[in-house]
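Down below is the structure, laid out as structure tokens.
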Amino acid sequence: MAGPAIQTRRLKPYLDDRWNQGCTNAWRVWEEIVPLGYQGSYQRVHAYFREKRLSPGPVTARPPSPRVVAGWILRRPKTLTETEHLRLKAVRVHCPEMDALTSHVHSFGQMLTERQGERLPQWLDAVRRDDRPSLHTLAAGIDRDLDAVIAGLTLPWSSGVVEGHVNRIKMLSSSRGHRSPRPSQNRT
């Protein structure tokens, strides 16, 4: 599309995803993106879809980068935009491994934010049943100090404030160039 509006470019991944999902009705997609904040005209969406229809080869959306997908997985599902939610759903449908990983991460996040440490043994069992070597490594590390991790996920106390002060002091000290005094060799 010659000279696409900035808004159309911003929503291009969403438009491409809907096209790849089989929704080629420009009016329906335009009705979906207006509540998402699109202020452009229906004609612009129609022209974009018309170009896709007339293009010689299949036009597909560029897949999201691993960093972007990791961000979607690690964020609370409620904070994802509609476009991000749909794109993560597409990734999960096309990649069963990512689907399983996402389920484990969201389950652990829920335990963490809702202080449900008593669910940790069941979560560890579910992780071990899955064939995810990276999560097996995490599970083995948690097993080494299971009681402390359960306490950390359950109890309301935190050493975060103390750790923050220690890090702040270290940063201030290093930024001022403080070093321990070296003994001088010329002292007599």
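Charging the Cβ of each Asp and Glu at -1 and of each Lys and Arg at +1, and nothing else, the dipole of the chain about its Cα centre rounds to 1040 debye. For the stretch 64-81, putting each phi into the Karplus relation 6.51 cos²θ - 1.76 cosθ + 1.60 with θ = phi - 60° gives couplings of x, 6, x, 5, 5, 4, 4, x, 5, 5, 7, 7, 5, x, 5, 8, 6, 6 Hz, in residue order, rounded to whole numbers and with x for Gly and Pro. Here the Karplus relation 6.51 cos²θ - 1.76 cosθ + 1.60, evaluated at θ = phi - 60°, turns the backbone of the stretch 161-175 into coupling constants of 5, 4, 4, x, 5, 4, 5, 5, 5, 4, 5, 4, 5, 6, 6 Hz, with x for every Gly and Pro. With the highest mean first, a sort of the peptides 104-110, 150-156 on other beta-carbon atoms found within 10 angstrom per residue produces 104-110, 150-156. Non-local lysine pairs in the chain, meaning eight or more places apart or on different chains, with alpha-carbon distances under 24 Å, amount to 5.
Restrict the search to the stretch 87-166; then list the trypsin sites (Lys or Arg not before Pro) that DSSP places in a loop and that have at most 10 other Cβ atoms within 10 Å of their Cβ. Hits after loop and neighbour filter: nothing returned. Relative to the dominant Cα principal axis of the chain, helix 96-113 is inclined by about 50°. Taking each DSSP H run with n ≥ 4 as -39500 (n - 2.57) and averaging over every residue of the chain yields -19500 deg cm²/dmol at 222 nm. When each of the peptides 26-32, 133-139 is scored by how many other beta carbons lie within 10 Å of its residues on average, the order from highest to lowest is 26-32, 133-139. Taking every alpha-carbon pair under 8 Å whose residues sit at least 6 apart, the stretch 1-146 reaches a relative contact order of 17 percent.
A short reminder: the numbers here are calculations on the coordinates, not readings from a lab. Computed from a predicted structure; not experimentally measured. Note: ideal-geometry Cβ built from the backbone for every residue, glycine included; neighbour counts use all protein chains shown.
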